[in-house]
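Report on one structure; see the data block that follows.
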Amino acid sequence: MAVSGLLIRYLGGWTSVFYVFGAVGLAWFALWMTFASSDPSKSTHLSDYERRYLLETMGHLKQKTKQNLPPTPWGKIATSAPVIGLIIAQIGHDFGLFTIVTDLPKYMKDVLHFSITSNGILSALPLLLMWLMGILSGWIVDFLISKKNWSVTFVRKLFLTIASVGPGLGILAASYSGCNRLAVTVSFTLGMGTMGAFLPSLKVNALDLSPNYAGTLMALVGGIGALSGTVSPYLVGVLTPNGTLLEWRVVFWTAFFVMLITNIIYCFMGSGEIQEWNEPLLMKEKKALTAGAQPNGASLKENGAGKKQDGGENNESYVKE
C-alpha cells in the first residue's frame, strides 16, 4: 500500500502500480521455480541437517512416502468438528481482514480526507505491524508449547482469540475517535497488529489436525474462508453509500461481531490434536480387528446359550426320573 501511493503520485498513475507489482510477481515466480521442490529429498539447496529435520518432522511418517498414502478421507474431514470449527474461524478472520485491507484506504479518504500518498503509507502501517507481530507471536507460541508445556489446543485457541478480539476492538476504537487522525491511525495500527497472532494459531492448525493431509486441509479451509472476501467489499459498499462516520461505524461493528462469534465457535469446536483419520490405514486395521472379534463374541454367546439349553434338558430329565 505504501509503495502504491508513491507510484501513483510519481510514476504516472494507477497503471504504474500494475506494471511494477506484475513484474515483481514474475520475478518471484522465477525464484520459486529455481529454488522450490516438492520433496526435501529432491532439493539441492538444503543442508543435510535441514533435509533430515524436514523428513523427520513433516507428514507421511507412518506411510513413509506420498505414493503409499491412501486417498483423502473426505467423509471424515467433512464431518470432523475441529475442521468445521477451523473453517468457521477462517471465515471470520478473512471477513475482518478483507474489510480492513480493502476498505481502510477508502475510510482514510472518505472520513479523514488523507491524500493518496499519505493514505498509502498510513494504510500500510497496520499490515507492517501485523507482519512483525506474526513473527514475534510465532516465537512465543513455540516457547509456551516446548518450554512451558502448554497444550497445543489451548495455545491455538488463545492466540486466535487475540487475533480476533484485538482487531475488533482496534477498529471500534478508531470509529469512535472521530476525525482525530493520530488516534485513528494508532487504533487501526495496534488493532491490526494483534491480528498477526493468527499465523501461529489459525494458519498452522491444519498441520496439527492432519500432518498427512495438511495441504488438502489448508486448501479446503483457506478456499472456503476466502469466499467471505467476496462478501465483505460488497457489504461495505451497501452500508456506506455516503461514506459518513456513522455508516462506517456500522461496518466496524459488523466486522467485530463476525470475528467474535466465529472465534467463540472455534473455541468450542477447535482442537490442536492429531485426528484419527490422519492415519486411514490404522483406522482400517482397527476396524478389521473389531470385525474379527465380533464373530468370536457371537459364537461364545451361542455356546453359552447351548450350554444353558443342555443344562436345562439335563435338569428336566433328572426331574422326570
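A89 falls short on exactly one of the conditions (1) modelled with pLDDT under 95; (2) open to solvent by less than 80 Å² (accessible area, probe 1.4 Å); (3) part of a helix (DSSP H, G or I), and that condition is (1). Criterion first (under 16 Å from the mean Cα position of the chain (by Cα) and in the same structural domain as H93 (by the TED database)) does F159 satisfy it? Criteria met by F159.
With respect to the conditions (1) part of a helix (DSSP H, G or I); (2) open to solvent by less than 40 Å² (accessible area, probe 1.4 Å), G243 falls short on a single one, namely (1). Can you find a residue in the range 249-262 that is of a type in the set (K, R), open to solvent by 20 Å² or more (accessible area, probe 1.4 Å) and in contact with a helix residue (DSSP H, G or I) (Cβ under 6 Å, 6 or more places away or on another chain)? The answer is yes, given that some residue of the range 249-262 is of a type in the set (K, R), open to solvent by 20 Å² or more (accessible area, probe 1.4 Å) and in contact with a helix residue (DSSP H, G or I) (Cβ under 6 Å, 6 or more places away or on another chain). In this entry, D142 passes the filter for residues that are modelled with pLDDT of 80 or more and over 12 Å from F188 (Cβ atoms).
Look at (1) within 21 Å of T161 (Cα to Cα); (2) of a type in the set (D, E, K, R); (3) open to solvent by 50 Å² or more (accessible area, probe 1.4 Å) and you find that D208 fails only one, number (3). Here are S177, S123, S187: which of them is crowded, with 21+ Cβ neighbours inside 10 Å, under 22 Å from T254 (Cβ atoms) and free of Cβ contacts under 8 Å to residues at least 40 places away in the same chain? Selected residue: S187, the only one of S177, S123, S187 that is crowded, with 21+ Cβ neighbours inside 10 Å, under 22 Å from T254 (Cβ atoms) and free of Cβ contacts under 8 Å to residues at least 40 places away in the same chain. Only residues that are without any contact (Cβ under 8 Å) to a residue 40 or more places away in the chain and closer than 21 Å to I274 by Cα were counted in the range 208-233, giving 3. Within the range 245-258, residues that are free of Cβ contacts under 8 Å to residues at least 24 places away in the same chain sit with their Cβ atoms under 6 Å from residues that are hydroxyl-bearing (S, T, Y), at 6+ positions apart or across chains, in these pairs: E247/T240. Taken over the range 72-115, the criterion of being free of Cβ contacts under 8 Å to residues at least 40 places away in the same chain and more than 30 Å from R181 (Cα to Cα) is satisfied by W74, G75, A78, T79.
State whether the residues of the range 145-168 include one that is of a type outside the set (S, T, N, Q) and closer than 24 Å to T244 by Cβ. Within the range 145-168, one or more residues are of a type outside the set (S, T, N, Q) and closer than 24 Å to T244 by Cβ.
In the range 269-284, the residue that is most open to solvent (accessible area, probe 1.4 Å) out of those that are closer than 25 Å to V155 by Cβ and part of a helix (DSSP H, G or I) is E276. Among the residues here, G168 does not qualify as of a type outside the set (D, E), farther than 18 Å from S123 by Cα, modelled with pLDDT under 95 and in a helix (DSSP H, G or I). Annotation: of all residues in the range 190-205 being assigned to a helix (DSSP H, G or I) and open to solvent by 10 Å² or more (accessible area, probe 1.4 Å), the one that is farthest from L260 (Cα to Cα) is L190. Checked against the criterion of being of a type in the set (V, I, T), part of a helix (DSSP H, G or I) and open to solvent by less than 30 Å² (accessible area, probe 1.4 Å), the range 139-149 contains one or more residues that satisfy it.
Any residue that is within 11 Å of the chain's Cα centre (by Cα), surrounded by 15 or more Cβ atoms within 10 Å (Cβ to Cβ), assigned by the TED database to the domain that holds G85 and not in a helix (DSSP H, G or I) - is there at least one of those in the range 218-231? Checked the range 218-231: no residue is within 11 Å of the chain's Cα centre (by Cα), surrounded by 15 or more Cβ atoms within 10 Å (Cβ to Cβ), assigned by the TED database to the domain that holds G85 and not in a helix (DSSP H, G or I). The test for being closer than 18 Å to V83 by Cβ, crowded, with 22+ Cβ neighbours inside 10 Å and in contact with a Lys or Arg (Cβ under 9 Å, 6 or more places away or on another chain) holds for Y266.
The values are calculated or read from the model by the stated rules, or taken from the named source; none is laboratory data. Keep in mind that this is a model prediction, so the values were computed, not measured. Note that each Cβ is placed from the backbone with ideal geometry, even for glycine, and that neighbours are counted across all protein chains shown. Just so you know, the surface numbers come from the protein's heavy atoms only, side chains and all, with ligands and any DNA or RNA stripped out. Shrake-Rupley method; radii C 1.70, N 1.55, O 1.52, S 1.80 Å.
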